[in-house]
Amino acid sequence: MSTSFQNIKGTFDILPDAYRDGGTRIASSAEWHHVESTIRDVMARFNIEEVRTPIFEPTELVARGIGEHTDIVTKEMFAFERSGTNYVLRPEVTAPVMRAFLQHHLEQRGGVQKLFYIGPCFRAEQPQKGRYRQFHQFGIEIVGADDPRADVEGIAVMMAVYRAFGIDNMTLRINTLGTPDDRAAYVDALRDYLEPHRDELSETSQRRLEKNPLRILDTKLEHEQEIVQDAPRLIAFVDDESRRDYDAAKALLDDIGIDYEEDPFLVRGLDYYTRLTYELESPDLGAQSALAGGGRYDLLAQALGSSDPVPATGFAAGMERLFLAIEAAGTDLPAPPKPDVFIAALGDEAERWVFRTAQTLRAEGLSVALDLKGRSLKAQMKEANRQDAPYTLIIGGNELDAGSAQVKEMASGEQVEVAFEDLAAYLKQRNEIAPQAA
Ligand code: AMP
């Protein structure tokens, strides 16, 4: 079978079995399910609640939330227009979650809101390993706490997710950004420092020198990294309160045994980012080494029109990169689920019985496979093998007359005769399935 259609470059299908797409392993749906539910378990342990926001939002929200001049907004948005309104497929989820928080007055629930999300995001980037056009992020937003404890709680949950998958080959880098004013003063100093080196900089960096010199700090070019080494440090420009919070965050990280590296050049250009910022990297990921990034963004709410400041901190992490790290760590993920039993039928009357009985057993919580094409017994047995059910039943006229079935345990080949009315209980006990609620 074939089609001339293909999934769009930079997207991928999630199928019942894992497969390779180019060099990248695309996990199976069962593996995705397991990874998502492990993330949910970790979130539950940190009592973080889920929010789900729409896949598309008004362009205006995203532009204000991420910044008009960022690469994401200027180059990477999947945008469309409908009846005079401009929309984008969401490139990230922080701005939508903050919108939802403000719109629904979640502060009225009282206390600090700890929210998480898992879902697809869209960016029109050049696809490569670990970088897609439709990818998936999980992340959290802790809203309403202006305290380094909230930042560290965010880091702790992020680390707990990776640890839950046996991943420990990773580096957490942290820095403090201070206030936008601190950063503006720093940008001036940085520009003054870089200006005499202008001719040594790449074309891109020369352009950034005008618009956003902070981005030169994370240059990948070795000779630029050497120049940057002697550049002024942001920490020297940061206000006392930010510095105090930064020290408090480091002490808390030490207390809970989370290793980190201080990186004076870890910065984010956007004005609403304040104070603690961090990034988690894995050397196992190749060029796209960032597993997750986060920090405090106390001024985002106001950028979205809130009259009051709303302190907030959180991180966003890529699911596809999590899968790459899981693979590198050699952690096993569950195989696709198998049915508990396959029931094969011989003859018309038996076929009807099998169809009815499958319904009854499924209502009892068993996973039941059967033939849906009226195939020969031989073909049905082949199918039973393919589906790898631990038990099979063959029902024919004799079994119907006797009111009992031979239940065959496939691994041992052993057969046991079980009365029809006892089948559900027998199979459930063998498969260790808990009784279903009525
Ligand atoms: P960002 O919102 O750019 O800070 O991204 C947060 C995390 O999402 C990154 O650390 C990556 O793990 C992941 N990520 C971002 N962009 C992509 C992409 N195009 N494809 C796959 N993962 C991505």
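The values are calculated or read from the model by the stated rules, or taken from the named source; none is laboratory data. Quantities reported herein were computed from a predicted structural model and do not represent experimental measurements. For neighbour counting, all protein chains shown are included, and Cβ atoms are generated from backbone atoms with ideal geometry for every residue, glycine included. When the accessible area is computed, the model is the full protein with side chains, heavy atoms only, and any ligands, DNA or RNA have been set aside. Shrake-Rupley method; radii C 1.70, N 1.55, O 1.52, S 1.80 Å.
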Q: Pull up the DSSP beta bridges for the chain and report the antiparallel fraction as a percent, rounded to 5.
A: 80 percent
**Q.** Chain lengthening between LYS129 and ASP332 when straightened (0.36 nm per residue, less Cα-Cα)
**A.** 71.0 nm
Q.
Placing +1 on the Cβ of each Lys and Arg and -1 on the Cβ of each Asp and Glu in the chain, which of ALA329, GLY10, GLY144 has its Cα farthest towards the positive end of the resulting dipole?
A. GLY10
Q.
Given Cβ point charges of +1 (Lys, Arg) and -1 (Asp, Glu) and nothing else, what value in debye, to the nearest 20, does the dipole of region 341-430 about its Cα centre take?
A. 420 debye
Q.
Can you give the local net charge around LEU106? Use residues other than it whose beta-carbon is closer than 12 angstrom to its beta-carbon, Lys and Arg +1, Asp and Glu -1.
A. 0
Q: Rank PHE355, ALA384, SER404 by how far each Cα sits towards the positive end of the charge dipole of region 341-430 (+1 on Lys, Arg Cβ; -1 on Asp, Glu Cβ) and give me just the farthest.
A: ALA384
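Assigning unit charges at the beta carbon (Lys, Arg +1; Asp, Glu -1) and nothing else, what dipole magnitude in debye, to the nearest 20, does the chain show about its Cα centre?
My answer is approximately 1380 debye.
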Q: Pop a pseudo-label 7 angstrom from the Cα along the beta-carbon direction at both MET1 and THR74 and give the gap in nm to one decimal.
A: 4.7 nm
Q. Build a GNM of the chain with springs between Cα atoms under 10 Å: which of GLY119, GLY396, GLY23 gets the top mean-square fluctuation?
A. GLY396
Q. Using a Gaussian network model of the chain with C-alpha springs under 10 Å, which one of LYS220, LYS382, LYS338 is most mobile by mean-square fluctuation?
A. LYS382
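When the solvent-accessible surface of protein heavy atoms is calculated with a 1.4 angstrom probe, in what order do PHE138, PHE78, PHE323 fall, highest first?
Details: PHE138 0, PHE78 70, PHE323 20 Å².
Largest accessible area first, the residues go PHE78, PHE323, PHE138.
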Q. Looking only at THR357, THR38, THR70, which one moves most when the chain is put into a Gaussian network model with springs between Cα atoms under 10 Å?
A. THR357
**Q.** Computed [θ] at 222 nm, deg cm²/dmol, the chain (DSSP H ≥ 4; -39,500 (n - 2.57); rounded to nearest 500)
**A.** -11000 deg cm²/dmol
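Whenever you get a sec, line up THR94, THR277 from highest to lowest accessible area (probe 1.4 Å, protein heavy atoms). Provide the component values of the computation, followed by the final result.
Working: THR94 20, THR277 0 Å².
Largest to smallest exposure gives the sequence THR94, THR277.
With 25 Å as the limit, write out which pairs from LYS75/LYS114; LYS9/LYS338; LYS129/LYS338; LYS408/LYS428; LYS373/LYS408; LYS75/LYS129 have Cα-Cα distances beyond it, or answer none.
Going by Cα-Cα distance, LYS75/LYS114; LYS9/LYS338; LYS129/LYS338 fall outside the 25 Å limit.
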(Q) Give me the percent of accessible area attributable to carbon and sulfur for region 354-438, probe 1.4 angstrom. (A) 48 percent
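Just check region 341-430 against the gyration tensor rule for me: Cα atoms, a ≥ b ≥ c as the square roots of the eigenvalues, rounded for a/c under 1.5, and otherwise prolate or oblate depending on whether a/b exceeds b/c.
rounded
Given Cα pairs under 8 Å that are at least 6 residues apart, what percent is the relative contact order of the chain? Let's see the in-between values first.
On the way: 724 pairs, mean separation 62.9, N = 438.
Relative contact order here is 14 percent.
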Q | Heavy-atom surface of the chain, accessible at 1.4 Å and reported per residue (Å²) | A | 51 Å²
